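See below for the structure under consideration.
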Amino acid sequence: MFHSRRLLATALVATAAFGLAACGPDNSSDQAKGGDSSAAATTAPTATAPATGAATGAASPTGKPAPTGKPSGGADNGPEGFCTHDPLPAGQKWIVPVKGTTATTLAYKDTKDVCGVNDVGFEPTGADKTAPFAPTVKGHLSSVVKPPKDVTVDDLVKHINECIAAPHNDKGFYPCQNNDFKVAIDASGKVTEMWERAVS
């Protein structure tokens with residue numbers, strides 16, 4: 001009787017031990033399915049730093065950085081886009097003609113660059129200056145409403161003086177622009193060529 005009780009107790013302990021072992025994690029199936037949260041935590045991929053150039057936005061479905069909404073700069077942001085004119089060859093500069101220009105002499109002001117929305121602007125600066133026209137001076141007029149026109153010194157002076165008197169005149173000899181001219185002056189100080197800048 002005592003022996004049978006002892007066998008029964010041993011059998012119960014063995015059964016209990018087997019049941020506990022059966023309730024443990026199944027390392028073969030749960031890990032494969034990600035069912036064990038502790039295992040998943042140790043095997044989850046770690047975040048990596050974004051590649052250079054992608055630091056400003058998360059990746060989009062196309063693999064490109066998503067926009068951040070921060071402006072990228074340039075002309076669309078306002079006048080900061082165009083503040084300096086392109087370099088000119090030696091002997092050339094941007095000027096604004098002033099009253100006093102005749103068939104023999106250009107009266108003008110030097111200019112400084114100012115920021116503009118669509119292009120750099122030129123602001124007259126300093127005292128009035130004069131320079132004689134060379135006998136072979138060439139004039140080139142430009143407009144956004146008419147084709148460019150090459151002119152003699154007489155027609156160049158006529159256009160300059162009309163546009164000084166009425167800056168927005170489009171019914172005179174040739175439509176007026178902003179009266180910005182690029183001028184070439186030779187080593188003797190004579191004006192050899194002038195180009196009007198067309199502006200919208």
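In plain terms, the residue of 88, 141 with the fewest other Cβ atoms within 10 Å comes first and the most crowded comes last, giving 88, 141. In this structure the amide hydrogen of residue 98, modeled in the peptide plane, comes within under 5 Å of the amide hydrogens of 107, 108, 109, none closer than 5 places in sequence on its chain.
Taking Cβ atoms as reference points and 11 Å as the exclusive limit, the residues near residue 86 contribute a net charge of -1, counting Lys and Arg as +1 and Asp and Glu as -1. A simple count of charges around residue 186, restricted to other residues whose Cβ falls under 15 Å of its Cβ and scoring Lys, Arg +1 and Asp, Glu -1, yields +3. Here is the list for the range 80-186: trypsin sites (Lys or Arg not before Pro) lying in DSSP coil, each with at most 13 other C-beta atoms within 10 angstrom of its C-beta, are 99, 171.
Read-outs throughout are calculated quantities, based only on the coordinates presented, and are distinct from any laboratory measurement. Nothing here was measured: the structure is a model prediction, and the numbers come from that model. No Cβ is skipped: glycine too gets one built from the backbone with ideal geometry, and neighbour counts run over all protein chains shown.
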